1. Over the alpha-carbon set of the range 109-233, work out the extent along each principal axis and list the three values in angstrom, largest first.
2. Under 27 Å between alpha carbons, and skipping anything fewer than 8 positions from K251 in its own chain: which lysines qualify?
3. Quick one: ranking D376, D50 by accessible area, 1.4 Å probe, largest first, what do you get?
4. Taking every pair of Cα atoms in the range 49-99, average 1/r, invert it to obtain the Kirkwood radius, and report Rg/Rh to two decimals.
5. Calculate the dipole size of the chain relative to its Cα centre from +1 charges on Lys and Arg beta carbons and -1 charges on Asp and Glu beta carbons; express the result in debye to the nearest 20.
6. Kindly give Rg over Rh for the range 1-102, based on alpha-carbon atoms, with the Kirkwood expression for the hydrodynamic radius.
7. Using DSSP, restrict attention to beta bridges with both residues in the range 318-455 and report what percent are antiparallel, rounded to the nearest 5.
8. For the range 361-480, just list the percent of Cα-Cα distances falling in each 10 Å bin from zero outward, please.
Amino acid sequence: MNRSQLPIFADFVGGKLVAADHAAVGLDLIAPQSGQSIARIAESGKAGVDRAVAAASVAFAANRKQPTHQRIAWLNAAAGALRRAGDDIASLICEDVGKPIRMARFEVKRGAEFLELTAAALTQLGGETLPLDITAPGTGHIGFVRHVPYGVVAGITPFNAPVNLLVQKIAPAIAAGNAIIAKPALAGTRTALRLAQLFHDAGWPRDLLSVVTGDRETALALASHRDVRAVSFTGGTVAGDALARAAGAKKFVAELGSNAANIVMADADIETAAKKIASAAFEASGQQCISAQRVLVARPVLDDFLRHFTTAAQALKVGQAEDPTTDIGPMVSKASATRVMAMCEDALAKGARFILQPRQNEATISPGILTGVPTDARLWREEAFGPLALVAAFDDIDEALRMANDSEFGLQGAVFTRDLAAALRFSDGFDVGALWINEATRFRLDNYPFGGMKRSGVGREGVRYAIEEFSQIKFTGIFV
């Protein structure tokens with residue numbers, strides 16, 4: 001198809017899709033499976049952001065006093081709408097992102113569940129009263145604290161989970177009483193626009209949720225807008241730095257990069273650990289912020305682990321994204337696949353060797369396992385965001401902790417052990433925002449606080465914690 005004949009997707013504002021300007025420059029949306037352009041995405045830019053913020057400000061003012069039971073009803077209605085459209089949205093994710101269809105369907109189901117969990121959380125949230133008379137000047141005074149919304153907030157999301165990571169921002173923002181403007185990644189744009197239309201049709205007030213489209217220009221315009229009072233971002237650390245600078249002195253929540261370490265102690269169930277870590281490292285092409293990347297194994301069980309780990313990796317099916325039996329489909333682009341292979345070449349040039357050699361076919365890469373990766377290699381220091389894992393040996397807990405913490409990142413870690421004392425030692429010494437014992441790093445539930453230490457971000461997601469992040473604390477004191 002001629003590029004000028006491709007459909008153009010633009011903002012969702014005013015309860016409808018905004019008509020695209022066919023003369024404007026659009027960004028190509030390329031299907032990972034075929035490598036062909038399937039649509040153009042308009043760049044909203046400053047003008048589009050200004051329009052969306054103005055509309056969201058009106059929506060916030062009109063709905064800020066809506067009772068909690070109404071917000072619960074909106075969230076549950078959105079969950080129902082998402083479930084009913086589940087197959088269509090999963091197909092969009094599969095086509096635009098390259099995520100295997102089985103995993104895309106699971107993501108849609110998880111998104112609907114998150115909306116319902118957020119609705120349920122609203123039945124339990126409250127403020128607090130303060131004992132002001134604990135000091136003499138406070139005698140005769142009472143005080144209470146409650147959570148109030150920011151107003152217009154922004155959610156900027158990556159490509160790899162276009163339903164789940166978007167809903168993780170939309171639902172808590174609405175629950176807290178805000179109006180939210182979403183700016184999805186290019187490959188997540190059609191999904192975000194579909195969700196906005198679904199939620200509007202399910203009864204959400206006009207402009208309580210809107211979507212602006214595009215890339216860096218639009219994201220920076222949204223983050224820096226003076227009437228956007230809070231920004232929540234999920235994505236790479238470099239992009240997070242740029243958005244934080246643009247946002248300036250306002251609330252900024254960020255879930256950023258990772259290089260997840262999974263530790264296997266000698267007393268662990270080695271075969272189970274190998275299977276769980278292989279799934280965490282390679283499924284969905286390793287394109288998750290908490291995909292297993294560095295696997296640290298107690299030296300006495302290293303050979304046994306490598307045997308089971310390689311077997312588990314080879315058992316994963318590499319194939320077409322639309323095949324429900326596929327575990328590993330294409331990466332989001334051929335350029336992403338080429339970047340991942342370059343990290344392999346860098347590691348090999350510095351002395352690493354393959355245990356399982358990855359193979360690239362256009363945007364698709366089969367699992368790769370390396371050993372002997374030095375700590376100055378890109379694969380040790382950077383986020384691969386691809387189906388690669390390095391395996392290294394350690395001799396004791398102290399060395400395992402030193403190796404695991406030898407990273408600028410600290411999002412989520414994992415330890416496999418039967419020893420409770422060892423588990424608690426890692427809980428104290430492993431510099432991550434979340435730690436799982438006997439689950440691999442890609443295991444995540446939505447009701448615990450999720451977020452990073454060090455360069456992996458600031459703030460927390462997870463139902464209740466995200467609602468709190470989208471809220472301001474307000475104190476009222478009374479002399480009686």
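The values are calculated or read from the model by the stated rules, or taken from the named source; none is laboratory data. All figures in this text were calculated on a predicted structure; none of them were measured in a lab. Glycine gets a Cβ as well: all are built from the backbone with ideal geometry, and neighbour counts include every protein chain shown. Note: areas computed on protein heavy atoms with side chains; ligands, DNA, RNA excluded. Shrake-Rupley method; radii C 1.70, N 1.55, O 1.52, S 1.80 Å.
1. 60, 32, 26
2. K46, K65, K169, K183, K454, K474
3. Working: D376 95, D50 55 Å².
Listed by decreasing accessible area, they come as D376, D50.
4. 1.16
5. Values: 50 positive and 50 negative charges, 248 e Å.
Charge dipole of the chain: 1200 debye, to the nearest 20.
6. Working: Rg = 17.4 Å, Rh = 16.5 Å.
Radius of gyration over Kirkwood radius for the range 1-102 works out to 1.06.
7. Details: 7 of 16 bridges.
So the antiparallel bridges in the range 318-455 amount to around 45 percent.
8. 11, 34, 31, 15, 6, 3, 1, 0
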